[in-house]
Amino acid sequence: MLKSLLAHPLTCGLDLDDPRTTELRRRIIQEKNFLRQIYQEWYSTLANDLPNGAGPTIELGSGAGFLKDFVSNLITSEVFGCAGVDIVLSGLDMPIRSASLGAIVMVDVLHHLPQARLFFSEAARCVKPGGVVAMIEPWVTPWSRLVYTHMHHEPFVPEAAQWEFPASGPLSGANGALPYILFSRDRAQFELEFPMWRIRTIEPMMPFRYLVSGGVSMRSLMPGWSFGGWRGLENILRPLMGELAMFAHIVLQKRD
């Protein structure tokens with residue numbers, strides 16, 4: 001009942017895998033002041049992760065976003081055709097020359113990839129030594145388990161035995177706990193299978209701001225002018241992010 005009452009009227013009832021939903025979400029991000037500031041902060045963080053002069057950067061899952069405002073010469077991509085995207089491709093099979101990319105960046109994309117092993121192998125082929133894969137992804141904490149399990153539409157299964165999950169659709173198929181599984185729970189296994197990737201950064205963050213923004217599927221619960229206050233609260237609570245974080249900033253670097 002609560003989710004129905006708070007659902008954003010533009011996307012309520014639409015198919016998640018319909019490209020029109022992604023284009024409407026781009027409009028929502030631009031129109032919701034609080035949410036737009038979150039994306040601006042995320043994009044600034046990802047832009048700072050990029051190695052200087054390392055080569056072109058490709059963004060996976062660009063459809064609803066505006067990272068191009070922060071990264072010059074960014075190649076935007078999506079798994080289906082939609083406005084403002086340079087190329088249609090899958091992160092599991094990229095038509096990119098080997099060792100030609102300086103970076104791959106993405107926001108809320110990894111946990112939608114049904115074959116994580118295939119992605120990291122393909123990324124290792126495409127990215128130059130010293131290049132990075134930088135991302136913002138959901139994270140698992142006691143607080144996020146409560147929120148993602150009861151208030152979010154995507155599957156969230158921290159106990160999943162496998163990294164893979166059924167590929168039901170580009171956006172509907174997911175395990176929101178996958179980044180935590182790969183880089184925390186199963187970190188030793190990831191490092192064994194992918195020694196070419198060094199886990200450079202794992203920064204749990206943002207326990208409340210995305211939630212009160214309503215995200216892209218719900219109405220905003222807070223006005224844009226309150227953003228700074230919420231950010232200040234989260235900064236005070238930084239020592240507790242292991243218990244409270246809903247997202248993580250993650251950077252992998254390809255070894256020389």
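The values are calculated or read from the model by the stated rules, or taken from the named source; none is laboratory data. These numbers were taken from a predicted model, which means no experiment stands behind them. We place every Cβ from the backbone using ideal geometry, glycine too, and count neighbours over all the protein chains shown. Note: accessible area is taken over every heavy atom of the protein model, side chains too, but ligands, DNA and RNA are not part of it. Shrake-Rupley method; radii C 1.70, N 1.55, O 1.52, S 1.80 Å.
Miscellaneous remarks
- Residue check, LEU146 more than 25 Å from ARG25 (Cα to Cα), among the aliphatic types (A, V, I, L, M), out of contact with any Gly (no Cβ under 8 Å at 6 or more places or on another chain) and surrounded by fewer than 17 Cβ atoms within 10 Å (Cβ to Cβ): no
- Test: LYS68 is under 27 Å from ARG209 (Cα atoms), charged (D, E, K, R) and touching a Leu at 6+ places or on another chain (Cβ under 7 Å): yes
- Flag: ASP108 matches the condition of being in contact (Cβ under 8 Å) with a residue 12 or more places away in the chain, on the phi > 0 side of the Ramachandran plot and either surrounded by fewer than 20 Cβ atoms within 10 Å (Cβ to Cβ) or within 14 Å of the chain's Cα centre (by Cα) (or both).
- Total residues in the stretch 202-256, condition closer than 15 Å to ILE38 by Cβ, among the aliphatic types (A, V, I, L, M) and open to solvent by 60 Å² or more (accessible area, probe 1.4 Å): 3
- Contacts under 6 angstrom Cβ, first residue in the stretch 64-80 being at pLDDT 90 or above, partner surrounded by fewer than 18 Cβ atoms within 10 Å (Cβ to Cβ) and of a type in the set (Asp, Glu), 6 or more apart: ILE75/ASP86; THR76/ASP86
- From GLY65, GLY130, GLY53, residue being open to solvent by less than 30 Å² (accessible area, probe 1.4 Å), of a type in the set (Gly, Ala, Ser) and either on the phi < 0 side of the Ramachandran plot or in a loop (DSSP other than H, G, I, E, B) (or both): GLY65
- Filter pass, ALA123 being closer than 20 Å to MET106 by Cα and open to solvent by less than 80 Å² (accessible area, probe 1.4 Å): yes
- Residues that are touching a helix residue (DSSP H, G or I) at 6+ places or on another chain (Cβ under 8 Å), under 24 Å from GLY215 (Cβ atoms) and either of a type outside the set (A, V, I, L, M) or open to solvent by less than 50 Å² (accessible area, probe 1.4 Å) (or both) within the stretch 82-103 comprise CYS82, GLY84, GLY91, listed in sequence order.
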